[in-house]
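The values are calculated or read from the model by the stated rules, or taken from the named source; none is laboratory data. None of these values were measured; they are calculated from a predicted model. Cβ coordinates were reconstructed from backbone atoms using ideal geometry, including for glycine residues, and neighbour counts include every protein chain displayed. These accessible areas exclude ligands, DNA and RNA; they are computed on the full protein's heavy atoms, side chains included. Shrake-Rupley method; radii C 1.70, N 1.55, O 1.52, S 1.80 Å.
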Amino acid sequence: MYTQSFNVPDSTDGSTLKVVPPAASAHEEALQTQFDARIDADGKIEPREWMPEAYRKTLVRQISQHAHSEIVGMLPEGNWISRAPSLKRKAILIAKVQDEGGHGLYLYSAAETLGTSRDQMLDALHTGKAKYSSIFNYPTLNWADVGVIGWLVDGAAIMNQIPLCRCSYGPYARAMIRVCKEESFHQRQGYEALLVMMQGTTEQKAMVQDAVNRWWWKCLAMFGPPDADSPNSVQGMRWGIKRISNDDLRQKFVDATVPQAKVLGVTLPDPDLKWNEERQAHDYGQIDWDEFWATVNGNGPCNKERLGTRVKAWNDGAWVRDAALAHAHKQQARQMKEAA
Ligand SMILES: [Fe+2]
Ligand SMILES: [Fe+2]
């Protein structure tokens, strides 16, 4: 999955990103200088090392939003596992949705190395304080949506996430290397499923085009607000967390996707989309940012349903967590008895 939410403050910590507080003492100043030098040299920051508080908070927010997005992102496609059109498609979709669950788990673990607990992160998600990628607040109406999510949503996620493999925070960067390999499979399986449908009946082709029409603009919005409206991006770049700007990533995505759409035989729903010889890139039309912000702020078509499903899953799973803990305690007690 993916990630416009990287640029969106959670409801409660919008104030944490504004200013790097000045170092309080000569000792802290020396630590800050060391930190800056490591970042300038393109080195990695590891969990037990000193880091500015604002860097830590930004990473906790970004990595936990990313983890939540992976977990919530399982829902729109999971909805189709029981209705996949063949055993082969069902097996592929189960594997893909399971991968997303795994991505969430790596990312919660990476965020935990920054001193925040999984319970705190999940509580923020379940109480609606934490954001996740708004792309998952839209419904999956037909089977072609599953293919289009793989092709475009996972495709946009890859574009966003490849630069994160070089992120300055070690655990996040290392998690992203494996995540990106799996995202690449997600993108390919989606594109391949659509290629097959586009060789099918008129109705199947129409389903693919309809799904593309509904997802295209939402995928462009996944890269976040325009650079001019993303003041936090500059600090993210300075810290080596963000490597490429929102608009540059969006442009790369458009340029990569246009030829793929041509091979597939679908039309991208933008009358302003055309090659600009001078820029050696595609021009494209206006994104509806009002709709984007309305969805980010909880008023998309599926926000309540998605959150409700996650909270129910968490509550329904309480007995499994309790049983696992009770078993672990019993084992520990037995081991201690044997060792005594
Ligand atoms: Fe994915
Ligand atoms: Fe993922």
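Being of a type in the set (Lys, Arg) and outside any helix (DSSP H, G or I): is that true of Arg48 here?
So Arg48 passes the test.
In region 98-155, how many residues are in contact (Cβ under 8 Å) with a residue 12 or more places away in the chain, within 15 Å of ligand 2 (Cβ to nearest atom) and of a type outside the set (A, V, I, L, M, F, W, C)?
Within region 98-155, residues that are in contact (Cβ under 8 Å) with a residue 12 or more places away in the chain, within 15 Å of ligand 2 (Cβ to nearest atom) and of a type outside the set (A, V, I, L, M, F, W, C) number 14.
Listed residues Leu152, Leu125; which is aliphatic (A, V, I, L, M), within 17 Å of the chain's Cα centre (by Cα) and more than 20 Å from Arg214 (Cβ to Cβ)?
The conditions single out Leu125.
Quick check: anything in region 112-119 outside any loop (DSSP other than H, G, I, E, B) and either open to solvent by less than 40 Å² (accessible area, probe 1.4 Å) or within 13 Å of ligand 1 (Cβ to nearest atom) (or both)?
So far as region 112-119 goes, no, none of its residues is outside any loop (DSSP other than H, G, I, E, B) and either open to solvent by less than 40 Å² (accessible area, probe 1.4 Å) or within 13 Å of ligand 1 (Cβ to nearest atom) (or both).
Given (1) open to solvent by 10 Å² or more (accessible area, probe 1.4 Å); (2) β-branched (Val, Ile, Thr); (3) more than 12 Å from the chain's Cα centre (by Cα), where does Ile71 come up short, assuming only one miss?
Just one mismatch for Ile71, condition (3).
Give me a count of the residues in region 230-239 that are touching a residue at least 60 places away in the same chain (Cβ under 8 Å) and either open to solvent by 100 Å² or more (accessible area, probe 1.4 Å) or in a loop (DSSP other than H, G, I, E, B) (or both).
3
Determine if region 190-200 includes at least one residue that is in contact with a Cys (Cβ under 7 Å, 6 or more places away or on another chain), of a type in the set (Phe, Trp, Tyr), closer than 29 Å to Ser245 by Cβ and open to solvent by 10 Å² or more (accessible area, probe 1.4 Å).
There is no residue in region 190-200 that is in contact with a Cys (Cβ under 7 Å, 6 or more places away or on another chain), of a type in the set (Phe, Trp, Tyr), closer than 29 Å to Ser245 by Cβ and open to solvent by 10 Å² or more (accessible area, probe 1.4 Å).
Which condition from (1) assigned to a helix (DSSP H, G or I); (2) at pLDDT 95 or above is the one that Gln34 breaks?
(2)
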